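Report on the following structure.
The values are calculated or read from the model by the stated rules, or taken from the named source; none is laboratory data. Being a predicted model, the structure only gives us computed values, none of them experimental. As a convention, Cβ positions derive from the backbone with ideal geometry for all residues, glycine included, and neighbour counts pool all protein chains shown. Quick note on the areas: whole protein, heavy atoms, side chains included, nothing else; ligands and nucleic acids left out. Shrake-Rupley method; radii C 1.70, N 1.55, O 1.52, S 1.80 Å.
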Amino acid sequence: MKVPWKQGAFLLGIPTYRHPNNLDLVLLYSPLTNSTLSHIVICDKLYAEVNKMGESSISSDIIRGHLDAIILRVLSEGDNYGYEIIKAISKNSGGQYELKEPSLYTSLKRLETQKLIASYWGDETQGGRRKYYKLTPEGAEAYEKALVAWKVARALIDQLIERQD
């Protein structure tokens with residue numbers, strides 16, 4: 001059997017392999033399926049690193065590619081200012097994703113340049129004035145197109161990644 005990883009140390013007599021992203025993986029033999037690759041176990045010492053590098057970066061990359069649509073969705077519910085947009089995204093993600101201010105304001109500037117959103121200064125009775133953002137008719141149309149595109153892409157990715165029984 002050809003394994004794309006380089007063999008590393010042995011763990012409890014089982015060979016480990018170095019994956020290109022430098023994560024130690026343990027390949028186990030399963031007598032039930034007579035297969036060497038039926039189980040991949042992440043070494044305990046690297047669990048935090050896998051979690052940090054793996055899941056989080058993949059999720060962030062996917063989200064980053066759809067950030068404009070996510071912001072348009074928040075603004076489709078009503079006018080809002082920067083900090084409240086960040087809070088809404090965090091709430092909508094169940095606290096699993098926190099948008100950073102620089103990313104938000106870069107996207108807001110891009111969306112405003114594209115005339116998908118408009119901004120105005122609010123009249124604040126308490127505290128400083130806030131810059132509010134609202135969805136334009138073009139932005140509402142762009143959001144609907146992005147939503148359809150996302151559904152098509154998600155279905156295609158599911159089809160390509162999930163096992164078809």
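Within segment 118-134, being out of contact with any helix residue (DSSP H, G or I) (no Cβ under 7 Å at 6 or more places or on another chain), open to solvent by less than 80 Å² (accessible area, probe 1.4 Å) and among the aromatic types (F, W, Y) holds for one residue alone: Y132.
Take the conditions of a type in the set (D, E, K, R), out of contact with any strand residue (DSSP E or B) (no Cβ under 7 Å at 6 or more places or on another chain) and exposed (fewer than 15 other Cβ atoms within 10 Å of the Cβ) and apply them to K109. Does it pass? Break it down stepwise before answering.
Working: of a type in the set (D, E, K, R): yes; out of contact with any strand residue (DSSP E or B) (no Cβ under 7 Å at 6 or more places or on another chain): yes; exposed (fewer than 15 other Cβ atoms within 10 Å of the Cβ): yes.
Considered against the rule, which asks whether it is of a type in the set (D, E, K, R), out of contact with any strand residue (DSSP E or B) (no Cβ under 7 Å at 6 or more places or on another chain) and exposed (fewer than 15 other Cβ atoms within 10 Å of the Cβ), K109 comes out as yes.
Quick grid of which residues meet (1) free of Cβ contacts under 8 Å to residues at least 24 places away in the same chain; (2) outside any loop (DSSP other than H, G, I, E, B); (3) on the phi < 0 side of the Ramachandran plot:
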| residue | (1), (2), (3) |
| --- | --- |
| I86 | yes, yes, yes |
| S90 | yes, yes, yes |
| E124 | yes, no, yes |
| K145 | yes, yes, yes |
| W150 | no, yes, yes |
| L160 | yes, yes, yes |
| Q164 | yes, no, yes |
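Results for (1) under 23 Å from G128 (Cα atoms); (2) open to solvent by 90 Å² or more (accessible area, probe 1.4 Å); (3) touching a Leu at 6+ places or on another chain (Cβ under 8 Å), shown as yes or no for each residue.
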{"position": "H66", "(1), (2), (3)": "no, no, no"}
{"position": "A69", "(1), (2), (3)": "no, no, yes"}
{"position": "E77", "(1), (2), (3)": "no, yes, no"}
{"position": "Y83", "(1), (2), (3)": "yes, yes, no"}
{"position": "S93", "(1), (2), (3)": "no, no, no"}
{"position": "Y97", "(1), (2), (3)": "no, no, no"}
{"position": "K100", "(1), (2), (3)": "yes, yes, no"}
